[in-house]
Amino acid sequence: MADYHISCMPVEAAHYLNLRPGGTYVDGTVGGAGHSRMICTRIQPGGLLVGIDQDLDAIRHAQDVLAPFFPRVSLHHDTFSHLDRIIGNLGLAGVDGILLDLGLSLHQLEGSGRGFSFKREEPLDMRMNTKATITAADIVNSWDVDDLIRIFREYGEEHRARSIAKAIVKARARKPLESSKALADLIYRSMPPAAARKQKIHPATRVFQALRITVNRELDRLQRTLPMAVACLNPGGRLCVLSFHSLEDRIVKQTFREMARTCTCPPRAPVCTCGGEAQVTLLTRKVVRPTAEEIAANPMARSTRLRAVEKR
């Protein structure tokens, strides 16, 4: 059985969260509960973990993994974009640290049966929250070619977006695309054989990323959540984000830099008139990447990017 507790960069995450006994911390993406378990072991006695995940499987799994730490654990089937409401409902004025791991869990890839992986014959679903209405199958079988091109380019950074989108529209006219493997095979066949062989990643990787981001509105939720998360921190509290592709990391990097600025006046203004104050201090001026040793032990960590800030 796969170890669904595995987590990326746990040592670095613990360091930047500044975990301490008695503190209150949020794991906004519980996933396989690896990070949650690590946090719980370091904040006792007296600490509280607030765990959030929109995937109900993750919450059920976390209830078992974190059972030894109850009642100092509060789990919520929700999205981290509702973080402020969750914290408020618990009667908390603020928290000491928030972790957002934006990657897929090993369970979602290998055990959810929702088509996150292009290596399996699974329904083309890709919903993290199975109560959501739109699925990846809905998108590939009903969106027009221009909309498919747009999301493949914008969210997948796929250079062959046009030819892939046209191949999808042509194929679905004969038979709806209903499985992850069927879509992956179609994408592979739509590419020139020489080009497909030269790619370091599977040709379907970027399209699957684009579909998952669209289905779950991942980038919109991330943009809304980062300022909210900082607002939910106590003074000196820390926000640590693990991202896994350039689109996410760009949003985190730009948001953190904006919140760390002391002046928002136009660059050519002779003197500062805004009286602005930085909301956070950057703890990671450059992105932190996993060590070679961790990548060897956990290949899923290969693309991880960590950034962190401390609230002023």
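Would it be correct to say that Thr255 is at pLDDT 95 or above and under 12 Å from the mean Cα position of the chain (by Cα)? No; evaluated as a whole, the condition is false for this residue.
Scanning region 144-187 for residues that are in contact with a Gly (Cβ under 9 Å, 6 or more places away or on another chain) and surrounded by fewer than 20 Cβ atoms within 10 Å (Cβ to Cβ) turns up Ser179, Lys181.
A quick yes/no check of all residues on (1) in contact with a Ser or Thr (Cβ under 7 Å, 6 or more places away or on another chain); (2) more than 17 Å from Leu124 (Cα to Cα):
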{"residue": "Ile139", "(1), (2)": "yes, no"}
{"residue": "Arg153", "(1), (2)": "no, yes"}
{"residue": "Arg160", "(1), (2)": "no, yes"}
{"residue": "Arg172", "(1), (2)": "no, no"}
{"residue": "Ser180", "(1), (2)": "yes, no"}
{"residue": "Ala184", "(1), (2)": "no, no"}
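Of everything in region 185-227 that is small (Gly, Ala, Ser) and within 17 Å of Tyr155 (Cα to Cα), the residue that is nearest to the chain's Cα centre (by Cα) is Ala210.
Listed here are the helices (runs of 4 or more DSSP H) enclosed by region 80-188 that have at least 3 residues being closer than 30 Å to Pro21 by Cβ, hydroxyl-bearing (Ser, Thr, Tyr) and not assigned by TED's automatic domain parsing to the domain that holds Ile59, and there are none.
Can we say Gly47 is modelled with pLDDT under 95 and either buried (at least 20 other Cβ atoms within 10 Å of the Cβ) or more than 16 Å from the chain's Cα centre (by Cα) (or both)? Answer is no for this residue. Selection of region 12-22 for residues being touching a residue at least 40 places away in the same chain (Cβ under 8 Å) and either in a helix (DSSP H, G or I) or surrounded by fewer than 21 Cβ atoms within 10 Å (Cβ to Cβ) (or both) yields Glu12, Ala13, Tyr16, Leu17, Asn18, Arg20. Look through region 68-91, keep the residues that are without any contact (Cβ under 8 Å) to a residue 60 or more places away in the chain and among the small types (Gly, Ala, Ser), and return whichever of them is nearest to Gly113 (Cα to Cα). Residue satisfying both the conditions and the ranking: Ser74.
On inspection, Arg37 fails the criterion of being surrounded by fewer than 18 Cβ atoms within 10 Å (Cβ to Cβ) and of a type outside the set (Ser, Thr, Tyr).
Please determine whether any residue of region 259-266 is part of a helix (DSSP H, G or I) and either surrounded by 19 or more Cβ atoms within 10 Å (Cβ to Cβ) or assigned by TED's automatic domain parsing to the domain that holds Ile98 (or both). Yes, region 259-266 contains a residue that is part of a helix (DSSP H, G or I) and either surrounded by 19 or more Cβ atoms within 10 Å (Cβ to Cβ) or assigned by TED's automatic domain parsing to the domain that holds Ile98 (or both). Selection of first residues in region 52-67 that are over 18 Å from Phe80 (Cα atoms) and of second residues that are of a type in the set (Lys, Arg) and assigned to a strand (DSSP E or B), restricted to Cβ pairs under 6 Å at least 6 apart or on distinct chains, gives an empty result.
The values are calculated or read from the model by the stated rules, or taken from the named source; none is laboratory data. Owing to the predicted nature of the structure, the values given are computational and were not obtained by experimental measurement. Every residue, glycine as well, gets a Cβ built from its backbone with ideal geometry; the counts of neighbours run over all protein chains shown.
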